[in-house]
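S.K.: Once you've had a glance at the structure underneath, I'll fire off some questions.
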Amino acid sequence: MPKKLLSVILIISLVFSLFTFSAGAASTFEEWQTGWEDIKASSGYITLTPGEDETQMNFSWQSSFFSTREQIVLGKKADLSDAKQLKVKRDFNLFGFEWTNNASATELETNTVYYYRYTVDKTESEVYSFTTGDGEGVTALFVTDSQIGRSSGTQEEIYMNDTYGWTKTLETASENNEFDFILSSGDQVEDSYSEEQYTYFESPSILRSTPVAAAIGNHDFYTTNYSHHFNNPNDKTFTLFRWPAGQGYYFCYNDVLFIVVDSNNFLPTANRRIIKNACKAYPEAKWRVLMMHHSPFDARGADDIGNKFARTTVVPFIDEFDIDVCLSGHDHYYSRSHIIKDGEITSDIGKTDAYNNPDGTLYITQNSSSGSNYSGIGDEISEYCSFALQERRATYSILDIDGDTLTVKSYHTDTNEMFDSVTIEK
């Protein structure tokens, strides 16, 4: 066989192997379980987060206290022969007694495969890859409350079941959908101080190729660990108060502004300033999507104290800055509101799944993405709620924004069947 042809075949084989980890059918528990010992033995995984816009990508990973400066390189060729080294900033993570390494890639081209490799404790990782968007619209996977460490059983059983449930949802969602990034509206882990639980959250292989934009939940806010695992963009807005986990941030992706706030923050001016700065930075964005952990207009009428706080500390600014959709979690069931503004239902209450240029905001609360914990809805749902469901099954949603149309379709993980769909035309 000619050497040139052999080289081409080898390159094609390498490229194919790099993509197999994020494609194909979702693993059964038995198949996934064969890799459990490797997951347990890991000291952590690299996590991608969105950059300030579609031309950027952020990275974050952990290394031991005794490690030297880590490195990460990025290129367009699978063998990284064209790779350039990214600048790495590192900060000490007290809870893990280790270093956090952050890096950012800029000036990324659309619809392009990029390859990267990084070092941990003088050991090179394998080569991973991600693909940038096509420059039009946004498709995102919306999940919440993976909450690794929440279910029942022995500690080993809890971690295995929760991690598998989380992995299963990501794999199932990726079978029939191509998304630009993942939106996770809080409570990624049960115990904020647990590096072990963060390792399990980061373990699904799809997270080496797909960025995660995560909100701070009520299980995340009280230590600094969250901020050491997510290298969020535009997170330096000055506020008078923030919890140890950090605060909100924002980014714009193809004419869609995403704003993430910490609904645990009881100081209203903190979240208003972040929302205001985001809208000021991207005034021409056609759509505005806000994400936070607590659900101000959920099926139970905000009987949870955190949800009540969100009505007073965040919702007024959702109205003030004309947010189109608010994504939340916390309740461990699925619910979707009517269109709401100033505490009132504004659109025809009969329109439950399609709206044309509505005056107000649609609120969507997602169920557990891992199945680690479910809550009941009760006998009657709130007047603000258009649709609610709790079948004690893990779920996820696909948010798709294309030009004048925003659609959210929601699915059961176990069957991949759609159970809800809503559309806004603008």
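S.K.: Among the residues of the stretch 232-245 satisfying the criterion of being in a loop (DSSP other than H, G, I, E, B) and among the aromatic types (Phe, Trp, Tyr), which is nearest to Ala140 (Cα to Cα)?
M.R.: Per the criteria, the residue is Phe238.
S.K.: Further, regarding this structure: Write out, first by first residue and then by second, each pair whose Cβ atoms fall under 6 Å of each other, whose residues are 6+ apart or on separate chains, and whose first residue, in the stretch 108-121, is over 15 Å from Asn58 (Cα atoms) while the second is in a strand (DSSP E or B) and of a type outside the set (Val, Ile, Thr).
M.R.: Val113/Ser129; Val120/Ser63; Asp121/Ser63; Asp121/Ser64
S.K.: Would you call Ser67 over 27 Å from Cys252 (Cβ atoms), surrounded by 20 or more Cβ atoms within 10 Å (Cβ to Cβ), more than 22 Å from the chain's Cα centre (by Cα) and among the small types (Gly, Ala, Ser)?
M.R.: no
S.K.: Of all residues in the stretch 246-288, count the ones that are assigned to a loop (DSSP other than H, G, I, E, B), of a type in the set (Ser, Thr, Tyr) and closer than 26 Å to Asn225 by Cα.
M.R.: Number of matching residues: 1.
S.K.: What is the number of the single condition among (1) of a type outside the set (Gly, Ala, Ser); (2) modelled with pLDDT under 95; (3) under 27 Å from Arg392 (Cβ atoms) that Arg311 does not meet?
M.R.: (3)
S.K.: Among the residues of the stretch 217-245, how many are closer than 16 Å to Phe266 by Cα and touching an Asp or Glu at 6+ places or on another chain (Cβ under 6 Å)?
M.R.: 3
S.K.: Consider Ile364 carefully, then state whether it is out of contact with any Asp or Glu (no Cβ under 6 Å at 6 or more places or on another chain), assigned by TED's automatic domain parsing to the domain that holds Leu257 and either over 30 Å from Asp162 (Cα atoms) or surrounded by fewer than 23 Cβ atoms within 10 Å (Cβ to Cβ) (or both).
M.R.: No, not satisfied.
S.K.: Does the stretch 408-419 hold any residues that are closer than 15 Å to Leu327 by Cα and either surrounded by fewer than 17 Cβ atoms within 10 Å (Cβ to Cβ) or of a type outside the set (Ser, Thr, Tyr) (or both), and which are they?
M.R.: Val408, Lys409
S.K.: Given the condition in contact with a strand residue (DSSP E or B) (Cβ under 6 Å, 6 or more places away or on another chain), of a type in the set (A, V, I, L, M), under 22 Å from Asp262 (Cβ atoms) and in contact (Cβ under 8 Å) with a residue 24 or more places away in the chain, answer yes or no: does some residue in the stretch 398-411 qualify?
M.R.: The answer is yes; a qualifying residue exists.
S.K.: Considering only the stretch 360-381, I want to know if a residue exists there that is over 22 Å from Phe309 (Cβ atoms), outside any loop (DSSP other than H, G, I, E, B) and touching a residue at least 40 places away in the same chain (Cβ under 8 Å).
M.R.: Checking the stretch 360-381: not a single residue is over 22 Å from Phe309 (Cβ atoms), outside any loop (DSSP other than H, G, I, E, B) and touching a residue at least 40 places away in the same chain (Cβ under 8 Å).
S.K.: Identify, from the list Ile182, Ile158, Ile206, the residue that is over 16 Å from the mean Cα position of the chain (by Cα) and of a type in the set (A, V, I, L, M, F, W, C).
M.R.: Result: Ile158 is the single residue among Ile182, Ile158, Ile206 that is over 16 Å from the mean Cα position of the chain (by Cα) and of a type in the set (A, V, I, L, M, F, W, C).
S.K.: Among the residues of the stretch 139-167, how many are surrounded by fewer than 22 Cβ atoms within 10 Å (Cβ to Cβ) and polar (S, T, N, Q)?
M.R.: Counting residues in the stretch 139-167 that are surrounded by fewer than 22 Cβ atoms within 10 Å (Cβ to Cβ) and polar (S, T, N, Q) gives 6.
S.K.: Filter the stretch 373-403 for residues that are over 24 Å from Ala140 (Cβ atoms) and among the basic types (Lys, Arg) and give the result.
M.R.: Arg392
S.K.: Looking at the stretch 307-325, which of its residues are touching a residue at least 40 places away in the same chain (Cβ under 8 Å), surrounded by fewer than 18 Cβ atoms within 10 Å (Cβ to Cβ) and closer than 19 Å to Gly186 by Cα?
M.R.: none
S.K.: State the number of residues belonging to the stretch 311-340 that are assigned to a strand (DSSP E or B), under 22 Å from Ala270 (Cβ atoms) and out of contact with any helix residue (DSSP H, G or I) (no Cβ under 9 Å at 6 or more places or on another chain).
M.R.: Residues in the stretch 311-340 being assigned to a strand (DSSP E or B), under 22 Å from Ala270 (Cβ atoms) and out of contact with any helix residue (DSSP H, G or I) (no Cβ under 9 Å at 6 or more places or on another chain): 2 in total.
S.K.: What number of residues within the stretch 114-130 are hydrophobic (A, V, I, L, M, F, W, C) and either under 16 Å from Gly51 (Cα atoms) or assigned to a loop (DSSP other than H, G, I, E, B) (or both)?
M.R.: Total satisfying the criteria: 2.
The values are calculated or read from the model by the stated rules, or taken from the named source; none is laboratory data. Only a predicted model underlies this, so the values are computations on that prediction, with no experimental measurement involved. Heads up, the Cβs are rebuilt from the backbone with ideal geometry, glycines too, and the neighbour counts pull from every protein chain shown.
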